[in-house]
Structure formats: C-alpha cells, structure tokens
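Read through the structure below, which is laid out as structure tokens, and then see the notes.
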Amino acid sequence: MGNHTPLYDQHVRMGGKIVDFAGWEMPINYGSQIEEHHAVRRDAGMFDVSHMCVVDLSGAHTRAFLRKLLANNIDRLQAPGKALYSCMLNERGGVIDDLIVYFLREDFFRMVVNAGTREKDLAWLKQQAQPFGVSVRARPDFAMIAVQGPAARDHVLDLLQGDLRDCAAELQPFFAVTNIEDGEWFVARTGYTGEDGFEIVLPAADAERFWCALAERGVRPIGLGARDTLRLEAGMNLYGSDMTEDTTPLESGLGWTLGWEPAERDFIGRAVLDKQRAAGAPSKLVALLLEGKGVLRNHQKVLTAAGEGEITSGSFAPSLGRSIALARIPAAANGERCEVDIRGRLEPARIVKLPFVRNGEVKVAI
C-alpha cells in the first residue's frame, strides 16, 4: 500500500479514482477530467498537494548555503515572504529537482520540493548543508492544499481569520504570509495552473476541515489528470519529463531561472552551464500545437529540418480543443513547422510561443 495524505479518506468519499503517484495513493480524477480542468479555468478548483515535501531550512548561514545550492540567485529575496522558483543542480548541470523557496527570516527559509524526488532531495540538501551548519527539517506534520482559478482567492479569503486573512488579501503574486503563532498556517500566492490562487501549507490536523469548508462553498476537487493538462497549457515544466538529471536548464526552457549575476557566485553546476552557454546548448525545449490528426503523447518523435527531437509532455488541451506538447528538439532547428510521428503517420505541427493559456485566456493562434 502506498502513502496516504491526510485527505485520502476525503478523496475516496468524493469518488476519486485512486492511482499510484510516486509512491502515494492519489486521485487521478473524480469523474470527468475535462470538467475538472474547465472548473479551474472558469471558477475555482482545489488540489491536494500534501504529497509534496515542505522543508524548513534554518541557521545563521542559510542564505550563503542557498547561494551555493540554487541556480537562481537567492539574493533576489529581500522582502519577507518573497518566493523564488529555481532548479537545484548536480555537478554536471543536470536538474536534481525544481522547487520554490520562500524567505521568511535571514535564518529561516522554507522550500517546497516534488513528491517523487523527496528522498534524494533531502539527502542532497543535508549533504550540501553540512559545511554551512544549516538545519534541514522535512515537515510531514503539514498538509498542502492548492486553490486555483479566477474565483479561488475569494473562496480562500472568506475562510481565513484575522490578521492572516488581512495579510493574504494584500499578497502580491509569488509572495507568502505565515502566522506561526496561530498554528503555522502558511499562505502563498503561487500555483501550477496558470491561474491566480493560493497554495496553503497548514497543519495536517486542520486539512480535512479546511477541505470540507471549501467543498461546501462549491469549490470542486481536482485530480492529478487535470492538474497535468492545466500546467501544460500554462507552459510549466514537469520534473522527470521536461527536465531530468541528464538535462540542463538551458536544454529545458529554463534559462530564465539562472542567476548568472554576480559572476563570482559559484553555484553547483555553474562551470558546466558557463561552458554550455558559451558554446550553445545542443537542444532546446519548445511548445508544439498539433495541426494534423491525433493526440500528442510523451516520447513521440519530432522531425525538424535540423534532425529529430522528442515530445517530453503531450496531451489534449481542453481550453484549446487541440493537442499540445512540450518537445526537446535540436537547437539548430528554425522556423515554425515540424512533423510528429503519431503511430507511423507524420502529422504537421507548429512551434509556438508559451504559454498556451494564462489566466483563462488562450494566448496562441488556433
């Protein structure tokens, strides 16, 4: 039997179809995946993301540790609550994981890492933190609920209390507020759908009550299936598919996350990235819109004038009524046209600019 989040029984009661995901028994959907997808784009949906790992980092030298650990520049975080998206790299420049880190105090940062990489992430963090005297503390006592969609913030704010509600109402995107004195609720204006909303870290004991309160307000539970189509439409990478330990951020459409300045900051993997930046990465991640028939799927071959590539994430996109994908293709490939091998048929596709959808609005020409 796999791991259960504090909300597992609620998923079963609500009719969730349970599947194994990175060792966790999680709902793939509660009926119609497409209806769940549209609920988030048009109103609001709630996601149990308690399988993800919250890690608290503390100590006098935590910032210095994160300067070394992360490819993005932690010194961009100066205001309490500010969040930063970054990759954590190995010495070869490959992506160990992508994550969000929050600055709370100079001696206290919070990090959220992926469920499937939890054990290797914690081992890497503890190994790298040791010379800095930084404490690495996983928080299995927390649950995490994401509420996303154009009506998401109103639903959440109506359920928060006192100062926490007032502060959350004023949050700018990619900021968080916490109330450690009141049960350690942590509210972040972040997400993985391309819609506005919150991700709430809260004590596991409070999760079921909060989930049920959202449901009573009509917020629909959303499974892993719609979570994936939502993030793909938003052009957000999935670890293990669009980036791995064998691909660098420059090969994964994540060059924008690299903190090149100051030049003297020697983060893990920088030497490899500096060389790749100078020479040019051999491949690049692009967005595809299928113009032919069929559905784009992971690992299908992509044919360009410069050579073959491969789809890293592909699916039917409910907001577009078309099939879309992220694909890694030769860096030398130019132009907007390519072909995808779908069961032995070469179907035309167009290379487009990300995102496909943002804040409910289709951003590409259909």
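One table, with the values for the structure above:
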| quantity | calculated |
| --- | --- |
| Amide H within-cut-off set for I342, under 5 Å, with H built and near neighbours excluded | E347 |
| Whole-Hz couplings from phi, Karplus 6.51/-1.76/1.60, listed for segment 258-265; x for Gly and Pro | 8, x, 5, 9, x, 4, 7, 6 |
| Residue-by-residue Karplus 3J(HN,Hα) for segment 85-101, coefficients 6.51, -1.76, 1.60, Hz, glycine and proline x | 8, 8, 9, 10, 10, 8, 5, 8, x, x, 8, 6, 5, 10, 7, 10, 10 |
| Theoretical FRET efficiency, 1/(1+(r/R0)^6), r = Cβ-Cβ of E35 and E264, R0 45 Å, to 0.05 | 0.30 |
| Within the chain, longest stretch free of exposed GluC sites (Glu not before Pro) [DSSP loop, at most 14 other beta carbons within 10 Å] | 171-263 |
| Mean shadow area of segment 77-132, taken as a quarter of the surface of its Cα convex hull (nm²) | 4.2 nm² |
| The chain: most fluctuating residue of V113, V286, V12 per GNM, C-alpha cutoff 10 Å | V12 |
| Sites matching trypsin sites (Lys or Arg not before Pro) across segment 262-366 that sit in DSSP coil, with at most 12 neighbouring C-beta atoms within 10 Å | K293, R343, K353 |
| Segment 237-362, relative contact order [Cα under 8 Å, separation at least 6], % | 25 percent |
| Pairwise centroid distance, computed over Cα atoms, of segment 1-24 with segment 153-182, Å | 28 Å |
| Extension reserve of the R42-R105 stretch, reckoned as 0.36 nm per residue once the Cα distance is removed | 19.0 nm |
| Rg and Dmax of segment 237-362, Cα atoms only, in Å | 15.7, 50 |
| Relative compactness, segment 302-366, computed as alpha-carbon Rg over 2.2 N^0.38 Å | 1.14 |
| In segment 224-306, the chymotrypsin sites (Phe, Trp or Tyr not before Pro) that fall in loop regions by DSSP, at most 11 other Cβ within 10 Å | none |
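Values quoted throughout were computed directly from the atomic coordinates according to the rules given, and no laboratory measurement underlies them. Treat the numbers as computed from the prediction; the structure is a model and nothing was measured. Neighbour counts run over all protein chains shown; Cβ positions are idealised from the backbone, glycine included.
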